[in-house]
Amino acid sequence: YLGLSSSTGPNATQIIKAGAPMKSKTVNEIPTVDWLDLKADRDKFMLDLRYALLECGFLVLKNAPGLDDAFQHRAFREVRQFFDAPMDIKKTAHISNTPYFRGYTLPTPADRGHGQVIENFQYGFEQEPICAHDDVAQPIHKRLFVGPNTWPEQDSMPGFRPLINDLNQVYHQLTHRLGALIVESLGEDPAEFRRYFDFEEPYLAASLNHNYSLEVFSDEAKKEVRDSYARFDADNVGAHIDGPPFIALLINDRPGLQVVAGEGDWVNAPVTCRTSSGEYGVPVIEGSVIVNTGGTLMHLSEGRYSATLHRVNTLLIPEGETRVSMPYFLLPKMDGDLVPFGRSSADKTGAAGYQAGRDRGANACVNRMGTFPQVTRRWWVDEFESLKEQQRQEVEAETQAAFELAAQRGKRYKTRTVNE
């Protein structure tokens with residue numbers, strides 16, 4: 001989602017609309033919020049939640065319900081067993097087998113100039129298709145996002161599919177519980193969350209990611225990768241904001257995730273589950289989940305909570321090891337406009353770069369098409385050609401808005417630091 005365009009950020013009044021000025025902290029690490037405080041000290045929980053999303057856009061939710069250390073160990077064991085399986089087994093679930101963008105993608109080539117080598121597995125809710133994928137009588141998002149998963153042959157890994165189903169349910173419930181609290185932290189009616197997220201009929205884009213360390217690159221490519229990560233604005237290291245979701249959830253078992261915080265420095269995220277005895281170099285917060293704001297929340301909050309630039313840094317993955325992460329993106333309803341909280345209608349362009357009146361379903365679909373071209377070439381060629389330019393412009397506007405909001409956040413941080 002990297003791009004540059006012009007957009008208008010919120011004014012100071014909009015930024016602090018959520019409540020009183022935040023308590024002053026140094027933003028040199030991702031803030032933590034303890035789920036247990038929700039019961040033990042609700043005011044503290046809400047203050048910590050509001051601070052983290054206002055000043056960082058990321059948080060580490062400790063004691064996350066359903067994601068205790070035992071469950072995460074089970075999850076990483078099953079997912080690593082899948083990625084360690086022979087290629088001919090993984091290919092039985094190749095993502096291009098169906099039009100629904102579900103299944104396995106091969107590792108990105110190490111000689112293509114990218115800073116990452118990654119393979120992944122995409123999944124969603126197990127659903128019956130509404131219609132044929134090319135039935136133009138139905139909106140494109142109902143043809144693309146509603147369908148079955150693509151599973152690998154199960155004989156060698158009988159626990160994989162049950163694990164993914166369980167993980168999906170845990171994430172789904174947490175997104176809804178936390179989403180309502182986030183709306184409340186903005187000073188809005190928590191019921192507003194349910195206007196855009198239907199628990200019974202969700203739209204989902206979820207992934208299992210497997211990142212390789214620097215050692216898989218050639219000696220010549222290693223230097224290029226190191227140089228790329230040394231530059232803040234390198235365009236080949238996967239730095240992005242999460243545009244479509246309200247929030248994103250993620251567990252990981254090795255270092256690598258970095259977030260722009262404070263005055264614009266890259267900050268290392270912790271690991272949520274220790275599956276190796278080696279040196280990690282970042283904190284391990286067992287039973288936690290990393291949460292970040294997406295473009296949908298940035299728009300609905302009129303920029304009070306902005307999406308934050310982040311990336312996976314290949315250089316942080318310990319040599320000889322790999323990194324598994326499990327990001328989860330629950331998407332809002334795709335019919336109708338996204339009207340910011342407390343408003344009766346949307347302006348043409350909101351504070352977060354969002355263009356009112358756009359086809360959000362088509363936007364989410366073309367995002368998938370651009371990310372997984374092997375599916376697009378087989379099933380969605382015409383649709384992608386007709387939609388990609390509009391989506392590119394929308395992504396650029398939202399990303400630029402996120403940059404501008406982050407710059408304002410950095411100025412607040414710098415001012416507080418000087419005053420202290």
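The values are calculated or read from the model by the stated rules, or taken from the named source; none is laboratory data. Note that the coordinates shown come from a computational prediction; the quantities given were computed from them, not determined experimentally. Cβ placement follows ideal geometry from the backbone for every residue including glycine, while neighbour counts extend to all protein chains displayed. When the accessible area is computed, the model is the full protein with side chains, heavy atoms only, and any ligands, DNA or RNA have been set aside. Shrake-Rupley method; radii C 1.70, N 1.55, O 1.52, S 1.80 Å.
In this structure the amide hydrogen of Asn252, modeled in the peptide plane, comes within under 5 Å of the amide hydrogens of Thr272, Cys273, none closer than 5 places in sequence on its chain. What residues of segment 118-155 lie in the reach of a label at Leu106, counting those whose backbone N is under 17 Å from a point 7 Å from the Cα along Cα→Cβ? Under cut-off, by backbone N: 118-122. Residue pairs exceeding 30 angstrom between C-alpha atoms, taken from Lys90/Lys333; Lys91/Lys223; Lys62/Lys142; Lys91/Lys333; Lys142/Lys388; Lys91/Lys388: Lys90/Lys333; Lys91/Lys223; Lys62/Lys142; Lys91/Lys333. The string of couplings for segment 193-202 from the Karplus curve (6.51, -1.76, 1.60, θ = phi - 60°) is 4, 6, 5, 10, 10, 9, 4, 7, 10, x Hz, one whole number per residue in order, with x for Gly and Pro.
Backbone amide hydrogens, once placed in the peptide plane, bring Leu257 within less than 5 Å of Ala269, Asn313, excluding anything fewer than 5 places away on its chain. Between Arg226, Arg102, Arg274, the Gaussian network model of the chain with springs among Cα atoms under 10 angstrom shows the greatest mean-square fluctuation at Arg226. Only helices enter the 222 nm calculation for the chain: every DSSP H run of n ≥ 4 contributes -39,500 (n - 2.57), and dividing by all residues gives -11500 deg cm²/dmol, rounded to 500.
Rolling a 1.4 Å probe over the protein heavy atoms of segment 110-171, with every protein chain left in place, gives an accessible area that is 48 percent carbon and sulfur. A Förster radius of 41 Å combined with the Cβ-Cβ distance from Gln390 to Glu126 puts the calculated FRET efficiency at roughly 0.85. Extension gain, Glu224 to Asp189: 0.36 nm times the residue separation minus the Cα-Cα distance gives 7.7 nm. Considering only Pro162, Pro202, Pro327, the mean-square fluctuation computed in a Gaussian network model of the chain, springs between alpha carbons under 10 angstrom, is largest for Pro162.
Couplings 3J(HN,Hα) of segment 94-111, computed from phi: 4, 5, 7, 5, 9, x, 9, 6, 10, x, 9, 10, 5, x, 5, x, 7, 10 Hz, in residue order, whole Hz [Karplus 6.51 cos²θ - 1.76 cosθ + 1.60, θ = phi - 60°; x for Gly and Pro]. For the options Gly103, Gly294, Gly66, a Gaussian network treatment of the chain with springs between C-alpha atoms closer than 10 Å singles out Gly66 as fluctuating the most.
Each residue of segment 39-44 was assigned a 3J(HN,Hα) from its phi angle through the Karplus expression (A = 6.51, B = -1.76, C = 1.60, θ = phi - 60°), giving 9, 7, 7, 4, 4, 5 Hz with x at Gly and Pro. Taking a ≥ b ≥ c as the square roots of the eigenvalues of the alpha carbon gyration tensor, the chain is rounded, as a/c is under 1.5. In this structure the amide hydrogen of Leu204, modeled in the peptide plane, comes within under 5 Å of the amide hydrogens of Phe125, Leu331, none closer than 5 places in sequence on its chain.
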